[in-house]
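Right, one structure below, let's go through it.
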Amino acid sequence: MKKSVSILLVWYFLSPAVLSAQEMTAKDLVQKANDILFQESSYAKSKMIINTTSGQKRELFYDSWMKDRGEKNLIRYTGPRRIKDQAMLMLNNADDIWSYFPRTNRVRKLASHAKKQKMQGSDFSYEDMGSGDSFLTDFEHKKLSDGSKEGHDCFQVELKKKDGIDSNYSRMILWIDKENYIIWVIDYFDEKDPERMVKTLVQSDLQMIDSIPTPMKMVMHNHLDNSSTVQELIEIKFNIEIATICLRKED
């Protein structure tokens, strides 16, 4: 009887379900972080503040729908007036992008390289906004030394772009919280020069939304243009029913 109990205890403590975070591989950590970042679906109202190199500020407001853990994304601008009702549909992790222009009532498919372009002149590219599970599928993963970032004890994980993948970044450094697996900081490196850091994303203002830890604010710092863009969540709902028509190209 004692032998059976001992065997069961050994099996329990060695099972993947109870592995400590320190024993997790780099890909395991990215998977955990990605599962929090991309729920099955979501709806959000957001505000974007673009701080230009010249010191000017622009404010944008938009509603967004996400489905299939980030594989499908729809953004519809609600302000200011000059871009109101413009919409962007991103499919296949932003590899396919359509744009809707209300003035002409036309839908236009953008070129494949459009995902690398700035979204409405901000420091976020379409790739940044609609990457879905690309952290898992398009990059190799490597654990670096742990450290502190933005006051949080973090794992440091390097993502290196796989051969043949079309991405704006050769590699990224993710700083993942050891307790809740939130990605607090992402450092992005140039597509052709893996030593040249081009952007840094910093998340903050953590709140529990639908029992999901959610940073309500993110700031993208552009080190090349000396500019930054702030994105604030005004409202967000997770794992809701989204009609398929919301993510059809006809929208």
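Can you tell me the dipole magnitude for the chain around its Cα centre, using point charges on the Cβ only (Lys, Arg +1; Asp, Glu -1), in Debye to the nearest 20?
Working: 37 positive and 38 negative charges, 134 e Å.
I would put it at about 640 debye.
How do Lys27, Lys237 line up, fewest other C-beta atoms within 10 Å first?
On the way: Lys27 18, Lys237 13.
Ascending number of Cβ neighbours within 10 Å: Lys237, Lys27.
Along its principal axes, what span do the Cα atoms of segment 129-222 show, with the longest given first and each in whole Å?
38, 28, 24
How do Ser148, Ser99, Ser227 rank when sorted from fewest to most other Cβ atoms within 10 Å of their own Cβ? It would help to have the intermediate numbers written out before the result.
On the way: Ser148 10, Ser99 15, Ser227 20.
Ascending Cβ contact count within 10 Å gives the list Ser148, Ser99, Ser227.
Can you work out ³J(HN,Hα) from phi for every residue in segment 174-189, in order, using Karplus 6.51 cos²θ - 1.76 cosθ + 1.60 and θ = phi - 60°, giving whole Hz and x for Gly and Pro?
Whole-Hz 3J(HN,Hα) from phi for segment 174-189: 9, 10, 10, 4, 6, 9, 10, 6, 6, 8, 7, 9, 10, 9, 10, 10.
List the aspartates and glutamates whose Cα sits under 20 Å from the Cα of Lys57, skipping any in the same chain fewer than 8 residues away.
Asp123, Asp225, Glu232
What angle do you read, to the nearest 10 degrees and between 0 and 90, between the alpha-carbon axis of helix 2-14 and the longest principal axis of the chain?
20 degrees
Enumerate the calculated ³J(HN,Hα) couplings along segment 143-155 in order (Karplus 6.51 cos²θ - 1.76 cosθ + 1.60, θ = phi - 60°), each rounded to whole Hz, writing x wherever the residue is Gly or Pro.
The phi angles translate into 6, 10, 5, 5, x, 9, 9, 6, x, 10, 7, 10, 7 Hz.
Once you put a point 7 Å from the Cα of Arg106 and another 7 Å from the Cα of Gln207, both along the Cβ direction, what distance in nm separates them?
Calculated label separation equals 4.0 nm.
For the pair Asn226 and Gln117, how long in nm is the line joining their label points, each one 7 Å along Cα→Cβ?
2.7 nm
Could you work out how much longer the chain between Lys32 and Thr52 gets when fully extended? Use 0.36 nm per residue separation minus the Cα distance between them, nm to one decimal. Could you put the intermediate results ahead of the total?
Working: separation 20, 0.36 × 20 = 7.20 nm, distance 3.43 nm.
Here the answer is 3.8 nm.
Between Leu144 and Lys237, what FRET efficiency follows from the Cβ-Cβ distance if R0 is 35 Å, with the result rounded to 0.05?
Numbers: r = 35 Å, r/R0 = 1.00.
After rounding, the FRET efficiency stands at 0.50.
Relative to the present Cα-Cα distance, how much length would full extension add between Glu23 and Asp153 at 0.36 nm per residue of separation?
Details: separation 130, 0.36 × 130 = 46.80 nm, distance 1.61 nm.
Here the segment from Glu23 to Asp153 would lengthen by 45.2 nm.
Taking every pair of alpha-carbon atoms in segment 174-236, what share in percent sits in each 10 Å bin, from 0 to the bin with the longest distance?
P(r) over segment 174-236, rounded to whole percents: 21, 44, 27, 8, 0.
Using the Cα atoms as the points, what is the convex hull volume per residue of segment 21-247 in Å³?
That works out to 126 Å³ per residue.
Every read-out reported here was derived from the displayed coordinates using simple, explicitly stated rules and does not represent laboratory data. Since the model is a prediction, treat every value here as computed from it, not as a measurement. FYI the Cβ positions are ideal-geometry reconstructions off the backbone, even for glycines, and counts take in every protein chain you see.
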